[in-house]
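Take a look at the structure below.
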């Protein structure tokens, strides 16, 4: 169950799914994370587009953490960027 607060409104979300559905969601998220990682490494993509892709990666990774094992999450953990 997830509880988040949005400007004086509390939202509670819960999801009930079968093991097969969980595996399918995990598979879809894994594929999307891998595709984003490939695209983030492409030097031809504009910086602003990459920024949006990084934000999307963060959201998808948060979802992935809810269905995947710790071992699998480590593989896709976002790397910290060094500020220069």
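The values are calculated or read from the model by the stated rules, or taken from the named source; none is laboratory data. None of these values were measured; they are calculated from a predicted model. Heads up, the Cβs are rebuilt from the backbone with ideal geometry, glycines too, and the neighbour counts pull from every protein chain shown.
A few remarks follow.
- Residue pairs meeting the criteria (Cβ under 6 Å; at least 6 apart or on separate chains; first closer than 19 Å to residue 75 by Cα, in region 17-28; second in a helix (DSSP H, G or I)): 22/67; 25/67; 26/67
- Screening the candidates 10, 74 for the property of being out of contact with any helix residue (DSSP H, G or I) (no Cβ under 9 Å at 6 or more places or on another chain), loosely packed, with under 10 Cβ neighbours inside 10 Å and either in a helix (DSSP H, G or I) or modelled with pLDDT of 95 or more (or both) yields one hit, 74.
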